[in-house]
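S.K.: This is the structure I have questions about; it appears just below.
Read the figures in this text as sums done on the coordinates, not as results from a lab. Bear in mind the structure is a predicted one, so any value in this text is a computation, not a measurement. Note that each Cβ is placed from the backbone with ideal geometry, even for glycine, and that neighbours are counted across all protein chains shown.
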Amino acid sequence: MELDKLLALGQTALELGLVNALTVLALFLSYSMLNVCDLSTDGCFTLGAVVGAVVALAGHPWLSLPAAMLAGMLSGLVTATLQMRMGVQSLLAGIVVNTALYSVNMAIAGNKATLSMNKTVTVFSMAKDALNGTFLAGQYKLLVLAAAAALMVVFLCLFLRTKMGLAIRATGSNADMVRSSSIDPAFTTTVGLCVSNAFTALSGCLMAQQQKNFDINMGSGMVTVALASLLIGGVIVSRRKPILRRALGAVLGAVLFRVVYALALRLQMPAFMLKAISSVIVVLAISGPYFRKQLPLMLRRRRAGREGGGPDA
Amino acid sequence: MLKMNHVSITFNPGTPDAKKALDDVNLHVLPGDFISIIGANGAGKSTLFNAICGSFMPDTGTILLDGRNITLTPEHQRAKQIGRLFQDPMRGSAPDMSIEENLALASGIGGWLSRVSARDKQRFRDRLALLGMGLEDRMRQPVGLLSGGQRQALTLLMATYQIPKLLLLDEHTAALDPGTAEKVLKLTEDIVRENHITCLMITHNMQSALDLGNRTLMMHQGRIIFDTSGEERASLTVRDLTDRFRQASGRALDNDRMLLSEQA
């Protein structure tokens, strides 16, 4: 493989990884901190994409970012209300919202499954114009995405150190303790899901603008991709480490995941296999550490079995 | 202080498994009381605490705290005035967070977006030092790394950081080894006395039920069957207590741990 091809591959992986990193950071908040597996992620990602696309198409590229985040927050609010105030199980609440979001997203897109932003002014095209002529001109996408990811990491680290952030972390760790600190876990869960879904939606918004295209299915499988990235990040930076390093680990996990993805593509893997690959990576990242722990015991059992009789004999 | 009027709770009402966990309980706790509560398994001791804390809402009756009706107030809102420790030392603190972060939440200081200041940290240090367990030098360590006794002492500190009107201790030393249990109990007594906290303590140790505090309740089948204080209580022995139990309930105590502690 020639060097320039390899570099191009690396750049694409880095760009896609950074787009996903925002969703991964969202799951870092909801899954790792709040201990809620938010299955509305796919729909919320698409929601952010469609809201961002519609607002950008209307001629407001900057407004598209907060608009997408606001839409994500609303979606998080619905998910949280279902599970905290209406007795719907946490996983089910996510699935229900995810399903409903398909209709919502189609409605926002004006009953279209795709929206093209080929000639639309987006945050990316604006960055491209601003950097025109400088040596960074070719890297405008990377710069926008890296800035977004960096801002989100900083925000998350500051947020998780506030009392609100501490309360959210405690809710995932021991809800009894939160209650005895006179804080309502339903409230902290709601705030946590609103913030995390705002991240997810922003991620979708940036993805659509980067690809100059919105597609109703662009979010499908996103929760698996993000979980896989998060778990890869968790293997690099363990749970006991400080928040900043864990958040950076999550971003790194997102990029690494895309590198693996890109390599698989290089190996002549057909594109339709990619979803299966993300599932396999999730399983490997979860059961890898499990088997590492179990392996010595399995070996001992086998040895004991070979020597006849096993431990009971 | 705390007034419970005709409080009843039935589990599984309307089924063959229906069980009256609290049966028309009336209790008047005076300010500064330190009440020990004993009773057989399933007598309703923990349910009594759950009703006071708001973990379970009573079916009938009213609960007043300092004249305010809290019968149906949500649990987390009562927690400002009521501190509680459980038998399980793991229940009172968040294992994935540091000692400092746990204390920051329990201290209740600051608004939602505030952060722990250096002055707060110094205050946490000073309070932790009072426990005499060296925790003040481990403030940034996750609570999950502490021993059961250390965690229970930390929970005690957290529950009393903002002085509660009422402190409920649900066999909070029962899961600790004897030496640690004694130490945590001593800490409890000191904190309760210094801050004039009104306190209810469930215990299976009948000797400490008589030694500690100024009043003892005995529960059986959801009722308070014996309530003693003053001179009568001062002259009681553990033997008297078991006799009282047999008289009131018509059978012997069936709490294994109680019987064991009686023999000891």
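S.K.: Using DSSP to define loop residues, name the trypsin sites (Lys or Arg not before Pro) in region A:185-263 whose beta-carbon has at most 11 other beta-carbon atoms within 10 Å.
M.R.: Passing both the DSSP loop test and the Cβ count: A:Arg239, A:Arg240.
S.K.: Explain nothing, just compute: Karplus ³J(HN,Hα) = 6.51 cos²θ - 1.76 cosθ + 1.60, θ = phi - 60°, for every residue of region B:54-71 in order, whole Hz, x for Gly and Pro.
M.R.: With the stated coefficients, region B:54-71 comes to x, 5, 10, 8, x, 6, 9, x, 10, 10, 10, 10, 6, x, 9, 6, 10, 3 Hz.
S.K.: Taking H placed 1.01 Å from N in the peptide plane, check which residues at least 5 places from B:Asp33 or on another chain put their amide H under 5 Å from its amide H.
M.R.: Placed amide hydrogens put B:Cys199 under 5 Å from B:Asp33.
S.K.: Rounded, prolate or oblate: which one fits region A:182-286, using the alpha carbon gyration tensor with axes a ≥ b ≥ c (rounded when a/c is under 1.5, else prolate when a/b beats b/c, else oblate)?
M.R.: Taking the square roots of the gyration eigenvalues as a ≥ b ≥ c, region A:182-286 is oblate.
S.K.: For B:Ile224, which sequence-distant residues (separation of 5 or more, or a different chain) have an amide H within less than 5 Å of its own amide H, given hydrogens modelled in the peptide plane?
M.R.: Counting only residues 5 or more places away or on other chains, the set is B:Asn26.
S.K.: List the lysines whose alpha-carbon lies under 18 Å from that of B:Lys183, not counting same-chain residues fewer than 8 positions away?
M.R.: Output for B:Lys183: empty list, no partners.
S.K.: GNM on chain B, C-alpha springs below 10 Å: top fluctuator among B:Ser55, B:Ser235, B:Ser114?
M.R.: B:Ser114
S.K.: Ok, one more. If I take R0 = 41 Å and measure r between the Cβ atoms of A:His60 and A:Thr99 in this structure, what FRET efficiency does the formula 1/(1 + (r/R0)^6) give, to the nearest 0.05?
M.R.: Efficiency, rounded to the nearest 0.05: 0.90.
S.K.: Okay, moving on. What percent do you get for the relative contact order of chain B when only Cα pairs under 8 Å and 6+ apart count?
M.R.: Value for chain B: 26 percent.
S.K.: With only Lys, Arg, Asp and Glu charged, each at its Cβ (+1 for the first two, -1 for the last two), find how big the charge dipole of chain B is about the Cα centre; round to the nearest 20 debye.
M.R.: In debye, rounded to 20, chain B gives about 580.
S.K.: Expressed as a rounded percentage, what relative contact order does region A:1-94 have, with Cα pairs under 8 Å and six or more residues apart?
M.R.: Here the relative contact order equals 24 percent.
S.K.: What is the fewest-to-most order of B:His76, B:His6, B:His172 by other Cβ atoms lying within 10 Å of their Cβ?
M.R.: Least crowded to most crowded, the residues run B:His6, B:His76, B:His172.
S.K.: Which residue fluctuates most in the GNM of chain B (Cα springs below 10 Å): B:Leu236, B:Leu85, B:Leu65?
M.R.: B:Leu236
S.K.: Please compute P(r) over all alpha-carbon pairs of region A:104-254, binned at 10 Å starting from zero, and give each bin as a whole-number percent.
M.R.: In order of increasing distance, the bins hold 10, 29, 32, 21, 7, 1 percent.
S.K.: Within 10 Å of each residue's Cβ, count the other Cβ atoms and sort B:Arg151, A:Arg85 from fewest upward.
M.R.: Fewest-to-most Cβ neighbours within 10 Å comes out as A:Arg85, B:Arg151.
S.K.: Please report, for the Cα atoms of the protein assembly as shown, the Rg to one decimal and the Dmax as a whole number; what are they, in angstrom?
M.R.: 29.4, 97
S.K.: What net charge is computed for the residues neighbouring B:Asp59, neighbours being all others with C-beta under 13 Å from the C-beta of B:Asp59, Lys and Arg scored +1, Asp and Glu -1? Show your work: numbers first, answer last.
M.R.: Details: positive: B:Lys19, B:Lys20; negative: B:Asp23, B:Asp24.
Counting the neighbours of B:Asp59, the net charge comes to 0.
S.K.: Tell me, what HN-Hα J-couplings in whole Hz come from the Karplus equation 6.51 cos²θ - 1.76 cosθ + 1.60 at θ = phi - 60° for each residue of region B:115-122, using x for Gly and Pro?
M.R.: Result, ordered by residue: 10, 6, 8, 4, 5, 4, 4, 4 Hz.
S.K.: Using only the Cα atoms, what convex hull volume per residue in Å³ does region A:3-220 have?
M.R.: With only Cα atoms used, region A:3-220 gives 125 Å³ per residue.
S.K.: Shifting gears a bit: With the crude spin-label approximation of a point 7 Å out along Cα→Cβ, what separation in nm comes out for A:Asp129 versus A:Met86?
M.R.: Placing both labels 7 Å along Cα→Cβ, they lie 4.3 nm apart.
S.K.: Per-residue ellipticity at 222 nm for the protein assembly as shown, helices alone: DSSP H runs ≥ 4 residues times -39500 (n - 2.57), over residue total, nearest 500 deg cm²/dmol? Write down the numbers at each step before the final one.
M.R.: Details: 22 runs with 327 residues, N = 577.
Helix-only estimate at 222 nm: -18500 deg cm²/dmol.
S.K.: Another question, then. Can you pull the one-decimal nm distance between simple spin-label points at B:Thr242 and A:Val260, each 7 Å off the Cα toward Cβ?
M.R.: Here the answer is 6.3 nm between the modelled labels.
S.K.: In a Gaussian network model over chain A where Cα atoms closer than 10 Å are linked, find which of A:Thr134, A:Thr162, A:Thr81 has the largest mean-square fluctuation.
M.R.: A:Thr134
S.K.: For A:Arg302, project a label point 7 Å along Cα to C-beta. Then give me every residue of region A:267-296 with its amide nitrogen under 14 Å of that point.
M.R.: Those under the cut-off are A:292, A:294-296.
S.K.: Which entries in the list A:Lys128/A:Lys212; A:Lys141/A:Lys275; A:Lys141/A:Lys212; B:Lys3/B:Lys45; A:Lys163/B:Lys121 go over 19 Å, if you measure between the two C-alpha atoms of each?
M.R.: Listed pairs above 19 Å: A:Lys141/A:Lys275.
S.K.: Show me, for region B:226-236, the HN-Hα J-couplings you get by feeding each phi into the Karplus relation (A = 6.51, B = -1.76, C = 1.60, θ = phi - 60°), rounded to Hz, glycine and proline as x.
M.R.: These are the phi-based 3J(HN,Hα) values: 7, 9, 10, 7, x, 5, 4, 5, 4, 8, 6 Hz.
S.K.: Among A:Val104, B:Val25, A:Val51, which comes first, second and so on when ranked by fewest other beta-carbon atoms within 10 Å?
M.R.: A:Val104, B:Val25, A:Val51
S.K.: Okay, next question. For the residue pair B:Thr60 and B:Arg140, what label-to-label distance in nm results when each label sits 7 Å from Cα along the Cα-to-beta-carbon direction?
M.R.: For B:Thr60 paired with B:Arg140, the spin-label model returns 5.9 nm.
S.K.: Where the centre of each part is set by its Cα atoms, how far does region B:162-177 sit from region B:87-118, in angstrom?
M.R.: Rounded to whole Å, the Cα centres lie 18 Å apart.
S.K.: Tell me which residues come under 5 Å, amide H to amide H, from B:Ser98 once H is placed; ignore anything under 5 positions away on its chain.
M.R.: Here B:Val143 satisfy the definition.
S.K.: If contacts are Cα pairs under 8 angstrom and at least 6 residues apart, what is the relative contact order of chain A in percent?
M.R.: 32
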